């Protein structure tokens with residue numbers, strides 16, 4: 001069968017590509033829901049209206065995984081398929097069953113593939129997410145009077161390590177300079193890499209400058225369009241988590257690298273397939289760059305800055321951390337940086353503030369009571 005064309009009838013302020021990305025996630029959610037027991041239908045509606053699409057997708061995946069576990073690893077149900085698990089089966093589940101699933105089974109399990117055996121190991125953060133998914137489900141089923149007991153009070157706590165500022169991976173300011181020199185001059189690239197670099201260096205530079213200036217998330221950069229930018233007003237539009245629409249101001253550096261790329265390197269509009277003409281960052285095939293391609297690009301240039309292998313280069317999220325700590329080192333307040341990066345909690349931003357070197361010494365050295373030292 002040929003792939004069905006998708007036509008977007010869009011009356012919202014979101015660009016079509018953002019609507020299409022969201023629709024793909026929604027379709028994936030619906031496909032997962034079809035594999036889950038029908039008695040969870042009201043829970044699906046609850047998720048749809050209470051959490052972001054990505055959180056909804058993650059929760060549904062976790063619940064489907066739990067249902068598969070019930071069938072393959074326990075005698076709680078006789079069901080052969082996940083969507084035939086009954087309410088009566090769920091009523092048999094006790095807190096200890098969930099604790100065994102999360103604490104024992106999920107910590108390490110094996111996926112058998114035709115040509116490989118994949119060992120899956122989860123850290124406490126991943127286990128906490130699974131616990132959150134199941135807690136949400138069981139609390140809802142109890143509140144909706146589908147289950148007689150709320151077993152979530154018996155779920156074992158999962159201790160998450162306190163984030164340590166020194167453990168945050170990011171580039172130092174001098175390493176950012178090395179990275180930008182690499183994209184400007186091809187320094188550190190192999191001869192094969194230079195072949196492609198000559199064709200994409202303005203694009204690559206614009207991507208790295210956007211990441212390190214605004215701390216954009218990968219998805220926020222991936223969704224950027226030509227129409228996202230209003231150069232007359234000096235701003236551009238991005239779509240944050242939970243669908244928040246935000247206008248970001250342009251500075252001269254960002255405006256220059258974007259216009260250089262558009263005017264000097266980006267293919268002319270008439271040569272680009274219609275569905276990709278508005279995409280800002282294009283591949284050599286004249287289609288919107290994939291998230292994977294953007295991720296690999298960032299790893300390549302950051303690995304040069306770090307003097308390490310390409311595999312050990314940093315992800316786009318590490319450039320988000322780079323932007324946060326660099327802004328704070330330049331003297332901007334944590335509240336301004338929190339607002340720019342869209343951190344839900346200022347304590348997240350404070351972690352980057354801890355990277356400001358010798359901050360106590362700087363404060364004390366500039367705060368003298370004796371006039372002879374107060375210069």
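What the table below lists for this structure:
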| item | result |
| --- | --- |
| Which numbered condition residue 324 fails, given (1) modelled with pLDDT under 90; (2) farther than 22 Å from residue 54 by Cβ; (3) outside any loop (DSSP other than H, G, I, E, B) | (2) |
| Residue among 213, 308 that alone is outside any strand (DSSP E or B) and modelled with pLDDT under 95 | 213 |
| Residue among 262, 272 that is out of contact with any helix residue (DSSP H, G or I) (no Cβ under 9 Å at 6 or more places or on another chain), surrounded by fewer than 19 Cβ atoms within 10 Å (Cβ to Cβ) and in contact (Cβ under 8 Å) with a residue 12 or more places away in the chain | 272 |
| Number of the exception - residue 53 against (1) at pLDDT 95 or above; (2) in contact with a helix residue (DSSP H, G or I) (Cβ under 7 Å, 6 or more places away or on another chain) | (1) |
| Boolean, residue 340 is surrounded by 13 or more Cβ atoms within 10 Å (Cβ to Cβ), touching a residue at least 40 places away in the same chain (Cβ under 8 Å), under 24 Å from residue 14 (Cβ atoms) and in contact with a strand residue (DSSP E or B) (Cβ under 6 Å, 6 or more places away or on another chain) | no |
| Every residue from region 291-314 that is under 22 Å from the mean Cα position of the chain (by Cα) and in contact (Cβ under 8 Å) with a residue 60 or more places away in the chain | 291, 294, 295, 297, 298, 300, 301, 302, 314 |
| Qualifying residue in region 288-298 (condition: in contact with a strand residue (DSSP E or B) (Cβ under 9 Å, 6 or more places away or on another chain), modelled with pLDDT of 95 or more and not in a loop (DSSP other than H, G, I, E, B)) | yes |
| Residue 229 being within 19 Å of the chain's Cα centre (by Cα) and in the same structural domain as residue 316 (by TED's automatic domain parsing) | no |
| Selection status of residue 277, over 26 Å from residue 185 (Cβ atoms), touching a residue at least 60 places away in the same chain (Cβ under 8 Å) and out of contact with any strand residue (DSSP E or B) (no Cβ under 8 Å at 6 or more places or on another chain) | no |
| Hey, residue 218 touching a residue at least 24 places away in the same chain (Cβ under 8 Å) and over 30 Å from residue 135 (Cα atoms) or not | no |
| Checklist (1) in contact (Cβ under 8 Å) with a residue 40 or more places away in the chain; (2) assigned to a helix (DSSP H, G or I) applied to residue 30, failing item | (1) |
| Residue in region 183-192 that is buried (at least 18 other Cβ atoms within 10 Å of the Cβ), farther than 30 Å from residue 301 by Cα and touching a helix residue (DSSP H, G or I) at 6+ places or on another chain (Cβ under 8 Å) present | no |
| Filtered residue count, region 278-287, keeping only those that are surrounded by fewer than 16 Cβ atoms within 10 Å (Cβ to Cβ) and touching a helix residue (DSSP H, G or I) at 6+ places or on another chain (Cβ under 8 Å) | 4 |
| Identity of the residue in region 246-259, without any contact (Cβ under 8 Å) to a residue 40 or more places away in the chain and in a helix (DSSP H, G or I), that ends up surrounded by the fewest Cβ atoms within 10 Å (Cβ to Cβ) | 252 |
| Tally of residues being out of contact with any helix residue (DSSP H, G or I) (no Cβ under 9 Å at 6 or more places or on another chain) and either assigned to a loop (DSSP other than H, G, I, E, B) or under 30 Å from residue 49 (Cβ atoms) (or both) across region 228-245 | 5 |
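Okay, residues lined up against (1) assigned by TED's automatic domain parsing to the domain that holds residue 25; (2) surrounded by fewer than 17 Cβ atoms within 10 Å (Cβ to Cβ); (3) at pLDDT below 95; (4) closer than 30 Å to residue 350 by Cβ:
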{"residue": "60", "(1), (2), (3), (4)": "yes, no, no, no"}
{"residue": "75", "(1), (2), (3), (4)": "yes, yes, no, no"}
{"residue": "81", "(1), (2), (3), (4)": "yes, yes, no, no"}
{"residue": "92", "(1), (2), (3), (4)": "yes, yes, no, no"}
{"residue": "99", "(1), (2), (3), (4)": "yes, yes, no, no"}
{"residue": "111", "(1), (2), (3), (4)": "yes, yes, yes, no"}
{"residue": "115", "(1), (2), (3), (4)": "yes, yes, yes, no"}
{"residue": "123", "(1), (2), (3), (4)": "yes, yes, yes, yes"}
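The values are calculated or read from the model by the stated rules, or taken from the named source; none is laboratory data. Note that the coordinates shown come from a computational prediction; the quantities given were computed from them, not determined experimentally. No Cβ is skipped: glycine too gets one built from the backbone with ideal geometry, and neighbour counts run over all protein chains shown.
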